[in-house]
Structures are given as C-alpha cells and as structure tokens.
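The values are calculated or read from the model by the stated rules, or taken from the named source; none is laboratory data. In this text, all values refer to a predicted model and were calculated from it rather than measured experimentally. With ideal geometry, Cβ positions are generated from the backbone for all residues, glycine too; neighbour counts draw on all protein chains shown.
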Amino acid sequence: MGADETRHAGALHEVRAATRATHEALDAALPDGLHGVDDYTRYLGALLPLAQWLADSWSPAWPEELACWYDSERVDCLRADLAALDAPASGSAMASAATPAEWLGGCYVMEGSALGARVLSRHVDALVNERPEVADARQFMRHLGRDPKRWRCFAGRLDALPADAVADAVRGARRGFAMVYRNLVPHGVPA
C-alpha cells in the first residue's frame with residue numbers, strides 16, 4: 001500500500017462534524033457578535049486558555065511541517081489586549097497535547113477563530129468610538145487577520161492526516177472547543 005493510500009481525505013470533515021454542536025453553542029453565546037466591551041473581554045478571555053495550551057503543548061520534536069501552526073505571539077497579544085481592558089489574563093494550566101494530531105485538532109479551533117475574527121474585528125472597530133480604551137486592545141484581532149490564506153493552508157494540512165491520527169485530531173478539537181466554551185460561558189457544559 002502506497003503512502004497516498006494510507007491518507008484519510010476526510011479529516012477536516014470529521015473534525016468539523018464531531019465539534020459542530022459545541023461550535024454552534026459558542027456562536028449562540030455571542031449571538032450578536034461583539035457589541036460591548038464585556039462581550040469583547042469575554043471573547044479574549046475565552047481564547048487565552050486555548051492559545052496558552054497550544055503554545056505550551058508545542059514540541060520542537062514534532063514534524064517540521066507543523067511548525068508553521070505554532071504561534072506563541074497569540075498568548076502575548078491576548079494578554080496585552082486584556083491588560084488594556086483592565087481584565088484579568090489568567091488561564092489554568094492544562095496537560096499538554098499527547099500527539100501532534102491532537103495538537104493540530106486544537107489548532108483547528110484557533111485557526112477557525114481567525115475566520116470569525118474578520119467579522120468580529122468590525123465590531124471591535126465600532127467599539128472604539130464608544131470606548132477609546134478598546135483602541136489599545138486590538139493586537140490579537142490584528143494578529144489573527146494577518147494572513148487571509150492561512151485557513152486554506154491549515155485545512156489542507158488537517159486533511160492530510162493519516163487515517164489513524166484522525167481520532168486524535170478530533171479529541172484535540174473537542175478539547176479546544178470545550179476550553180473556549182468553558183471560559184466564554186461560565187458554569188456551562190459543552191454540548
């Protein structure tokens with residue numbers, strides 16, 4: 001059996017299907033987007049633990065082709081934005097991802113959030129008119145939006161996972177969505 005025959009072409013589909021309910025629950029937690037500083041602060045605070053987990057979990061021993069998804073700057077941007085909003089920037093320590101595929105599943109949540117950030121950044125721009133302190137709290141949004149082609153590249157990488165790694169990717173994506181949900185909707189239970 002050749003290398004191409006061991007690949008699973010539907011990893012992205014499987015990860016998306018396995019996390020659809022929690023993703024929809026997250027969307028429902030901010031049904032109108034970010035229309036107030038409280039919404040924006042919750043959004044940033046909810047993504048910080050995920051960004052921290054991804055940064056802490058990365059292993060330089062993992063395959064080199066995954067290194068482009070490692071991004072420790074996200075944590076710094078989130079912390080700076082939360083500080084500009086006088087909000088706590090805490091994240092609980094999480095056990096590291098066990099495998100590169102699990103970590104890549106967590107990246108699915110973060111990379112997907114960059115797509116939504118394009119819409120949400122307009123909401124944040126509008127908040128600046130009402131609350132000038134928001135002007136100093138836009139590093140993360142700018143950072144997420146810096147490469148519009150990034151999602152397409154990421155989706156291709158996720159789909160290139162071998163079939164035996166898809167379950168780990170699903171586990172990582174579920175873990176990532178659960179982290180964000182738990183921090184966006186306090187005392188909530190992920191769907």
Q.
Where the second residue is of a type in the set (Ser, Thr, Tyr) and not in a loop (DSSP other than H, G, I, E, B) and the first is under 15 Å from PHE154 (Cβ atoms) and modelled with pLDDT of 95 or more and lies in the range 9-20, which pairs have Cβ atoms under 6 Å and are six or more apart or on separate chains?
A. VAL15/TYR108
(Q) Given (1) surrounded by fewer than 17 Cβ atoms within 10 Å (Cβ to Cβ); (2) over 15 Å from the mean Cα position of the chain (by Cα); (3) modelled with pLDDT of 90 or more, identify the lone condition not met by GLU24. (A) (2)
Q) What is the number of the single condition among (1) over 24 Å from HIS23 (Cβ atoms); (2) surrounded by 19 or more Cβ atoms within 10 Å (Cβ to Cβ); (3) touching an Asp or Glu at 6+ places or on another chain (Cβ under 8 Å) that ALA84 does not meet? A) (2)
Q: Just name the residue that is farthest from ARG138 (Cα to Cα) out of those in the range 83-106 that are modelled with pLDDT of 90 or more and assigned to a loop (DSSP other than H, G, I, E, B).
A: THR99
**Q.** Single condition ALA67 does not satisfy, out of (1) more than 15 Å from the chain's Cα centre (by Cα); (2) more than 26 Å from ARG142 (Cβ to Cβ)
**A.** (2)
Q: Look at ALA80 and say whether it is assigned to a helix (DSSP H, G or I) and farther than 14 Å from ALA169 by Cα.
A: yes
Q: Find all pairs meeting these conditions: Cβ atoms under 7 angstrom apart; at least six residues apart or on different chains; first residue within the range 114-141 and in contact (Cβ under 8 Å) with a residue 24 or more places away in the chain and acidic (Asp, Glu); second residue assigned to a helix (DSSP H, G or I) and surrounded by 15 or more Cβ atoms within 10 Å (Cβ to Cβ).
A: GLU133/ALA84; ASP136/ALA84
